[in-house]
1. Step by step: first the residues of segment 80-101, then only those that are more than 16 Å from G133 (Cβ to Cβ) and within 47 Å of the chain's Cα centre (by Cα), then the one that is least open to solvent (accessible area, probe 1.4 Å). Which residue is that?
2. Could you list, in sequence order, all residues of segment 199-231 that are open to solvent by 10 Å² or more (accessible area, probe 1.4 Å) and at pLDDT 90 or above?
3. Does L291 qualify as being surrounded by 14 or more Cβ atoms within 10 Å (Cβ to Cβ), modelled with pLDDT under 90 and either charged (D, E, K, R) or over 24 Å from I66 (Cβ atoms) (or both)?
4. Go through segment 116-233 and tell me which helices (runs of 4 or more DSSP H), entirely inside it, have 1 or more residues that are touching a Gly at 6+ places or on another chain (Cβ under 8 Å).
5. Return the residue satisfying two criteria in turn: it lies in segment 137-151 and is in contact (Cβ under 8 Å) with a residue 40 or more places away in the chain and open to solvent by less than 20 Å² (accessible area, probe 1.4 Å), and of such residues it is farthest from the chain's Cα centre (by Cα).
6. Would you call R552 touching a helix residue (DSSP H, G or I) at 6+ places or on another chain (Cβ under 8 Å), farther than 15 Å from T489 by Cα, loosely packed, with under 14 Cβ neighbours inside 10 Å and modelled with pLDDT of 85 or more?
7. Considering only segment 102-122, state which residues are touching a helix residue (DSSP H, G or I) at 6+ places or on another chain (Cβ under 9 Å), open to solvent by 30 Å² or more (accessible area, probe 1.4 Å) and under 19 Å from V214 (Cα atoms).
8. Are there any pairs with C-beta distances below 6 angstrom linking a residue in segment 457-480 that is more than 11 Å from M498 (Cα to Cα) to a residue that is at pLDDT 85 or above and among the hydroxyl-bearing types (S, T, Y), with the two at least 6 apart or on different chains, and if so which?
Amino acid sequence: MWKKISERILSVSFSNIIGALLILFALIPLLLIKEAMEYLYEDSLVEDVCASTHSVVEMNNRMLDILMENIEEDSGQMLYNDSYYEIFSKIGGYSVADYMRADRLLTSELARQFSSQDEVFEYYLYYDGWLFGPSNEDIQSTAAAVERAGWNEAAHKAGGYPLWLAGYDYGESIQSEFLKNKGDYDFRYLFTMLREMHFQYSYEGSYYVLPKTVEPLVLVVHVKESSIRDLYRDSISFAGSRYGIANADGVVISSDNDTFPISTELDPEIFRYYGDSGFVSRKFQGEEYLLCYDTLESQGFFSFALVPMHVLVDDAVAQTRRLLQVFIVVLIALAVIIAVILPRNIFRPIRMLVQASERVATGDFSANTPVPRQKQFKTLTESFNRMEREISKLIHENYEVTLREKETQLSALSMQINPHFLYNTLNTINLLALKNEDEETSEMIVSLSEMLQYTVKNRGEKGTLEDELGWISNYLYIMEQRYHDIFQTEFDIDEGLMDCLIPKMILQPLLENSVLHGFCAGQSDGILKICVYREADEVCMEIEDNGCGMSREKLDRVLHADCREGHIGIASVRERLRLLYGDACRFSVDSQQSIGTKVQIIIPYEINKRKSS
């Protein structure tokens, strides 16, 4: 019996075995994780929830700080507004009608300044018994109310800096019996910013300030406590939570509950954390609470939140258990799906790669292995195909380079002539020309001799820019003698590149093309420009002429010509550059018929180390 069972197990396919193992390896850890989390999760979970609640308090404090900073910045911008200066610099001689006209102008300016602040309830300027600004029908502020509240004196003591007042009863502050008897009303508690305004501005280098005879003005901006409360309302969603803000004196200035009424002193056990930011577990009124607190240093405000600990723990535990259950169900379903799909998707790409390896072993580098969709096998197969293409390219390039080297060697062997014989012969001809007083012929012979010497003395592929320019100068001299007055040559060479290495005689075929094919017979205004300069780690060489140019079709034929078929111009230059530098160089030709042709070669910067040392 056991033998039959073992044989049946061994006869199961490898893919089915892997599928079964995947399901087991998914289920067993999940069950262990579930048990471990139910036993260990509570402390760390509570810690995370506490930190999250504290971050909410910090964010609420930041929003409060932004609101107050925006109001302060708007008031600061008013100081340098020439409209305010223009009005108040002449206010000493105003009549009542002038005051009324100034009020209309200032109302418009103030509305423009604070219209974007939705939280601002009321704003006005106080000056010597007058209020300037839009009238609020609800609060109906008066200059006498400002003086009874002592806001003008408080602003003067602040010396031009913004001063925030909060936690006070508005009716009691302005000594309004009507509001005192009314009890509760919408604007009973306000956050008020006071600022002494010294208007000034500069114009064409001159700086203007208000005359000393003008009494200091006071800007008053009111924000309702309910607007401040809206910033943190429902930000902490735990049942039974309480949120409040106190000032530096420990007086509650905003609250969303009756436990901490506004204008009352905050419990010392809570206010002891003033100046700090964090969270702690504290007993309050006989119950365990999470206390999260944060201090707004710029204004000295202290925000705090109390969350019943049992509510926080029960809520977090319930949510975590629900998430765990969903997580386990999803993972089990995924394990089953993976166990069915994964073996099939693994073995098929592996089988294709094995077949590709066997094909490569036979010398077939066709790089046609199908690419699967799975990311890892896709990357592996694409890399394998890319490797095949690179190997095929290297084989082709090595074969081509070897073939070219053999062709060069054969050409060199077939053209070997004793250089001394050529030099002596040219020298004899030169002496004969000098004897006949034919200096022009002598100069051409000397140029030809120097060109021959350059080609013989250095059989390497590269030479210095200085030597190449000397060779080109001799060549162009001969061509200028041959084609009188057809073209002129202009050089623009970076002198610091004279020791850099470039391919030997790389520019001569291009110059020959310009002279032979670019300039027409009888032309006298031809210009041939040769420019060499450096850009970063590259050397740029440009040859430009104003000859007859080429059409697009002719240029395409020239660019795609095969240099092995006898073409020695553009095609041969491009082929030499490809063999020497590969993808590290760039070659471009721009030609327009009847306008001219421009050829640009860009190669890596390479210094002649032997010469520089």
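The values are calculated or read from the model by the stated rules, or taken from the named source; none is laboratory data. Since this is a predicted model, take the numbers as computed values, not measurements. Here the Cβ positions follow ideal geometry from the backbone for every residue, glycine too, while neighbour counts run over all protein chains shown. Just the protein is used for accessible areas: all its heavy atoms, side chains included, with ligands, DNA and RNA removed. Shrake-Rupley method; radii C 1.70, N 1.55, O 1.52, S 1.80 Å.
1. As a first pass, look at segment 80-101 and keep what is more than 16 Å from G133 (Cβ to Cβ): 80, 82, 85-86, 89-90, 92-98.
This time we only want the ones that are within 47 Å of the chain's Cα centre (by Cα), so: 80, 82, 85-86.
Values: Y80: 143, D82: 81, Y85: 29, E86: 86 Å².
So, considering only residues that are more than 16 Å from G133 (Cβ to Cβ) and within 47 Å of the chain's Cα centre (by Cα), the one least open to solvent (accessible area, probe 1.4 Å) is Y85.
2. Within segment 199-231, the first condition is being open to solvent by 10 Å² or more (accessible area, probe 1.4 Å), and the residues that meet it are 200-216, 224, 226-227, 229-231.
Within segment 199-231, K224, S226, S227, R229, D230, L231 meet the criteria.
3. Working: surrounded by 14 or more Cβ atoms within 10 Å (Cβ to Cβ): yes; modelled with pLDDT under 90: no; either charged (D, E, K, R) or over 24 Å from I66 (Cβ atoms) (or both): yes.
For L291, the condition - surrounded by 14 or more Cβ atoms within 10 Å (Cβ to Cβ), modelled with pLDDT under 90 and either charged (D, E, K, R) or over 24 Å from I66 (Cβ atoms) (or both) - is not met.
4. Numbers: elements: 143-149, 151-158, 170-173, 177-182, 225-232.
It comes to 143-149, 177-182.
5. Taking segment 137-151 as the starting set, the residues that turn out to be in contact (Cβ under 8 Å) with a residue 40 or more places away in the chain are 138-139, 141, 146, 151.
Now drop any that are not open to solvent by less than 20 Å² (accessible area, probe 1.4 Å), which leaves 139, 146, 151.
Values: I139: 50, V146: 52, W151: 49 Å.
It comes out as V146.
6. On the way: touching a helix residue (DSSP H, G or I) at 6+ places or on another chain (Cβ under 8 Å): no; farther than 15 Å from T489 by Cα: yes; loosely packed, with under 14 Cβ neighbours inside 10 Å: yes; modelled with pLDDT of 85 or more: yes.
Here the answer is no, as R552 does not meet what is asked.
7. Once the filter is applied, which keeps residues that are touching a helix residue (DSSP H, G or I) at 6+ places or on another chain (Cβ under 9 Å), open to solvent by 30 Å² or more (accessible area, probe 1.4 Å) and under 19 Å from V214 (Cα atoms), segment 102-122 yields only L105.
8. Listed pairs, sorted by first residue: L476/T489.
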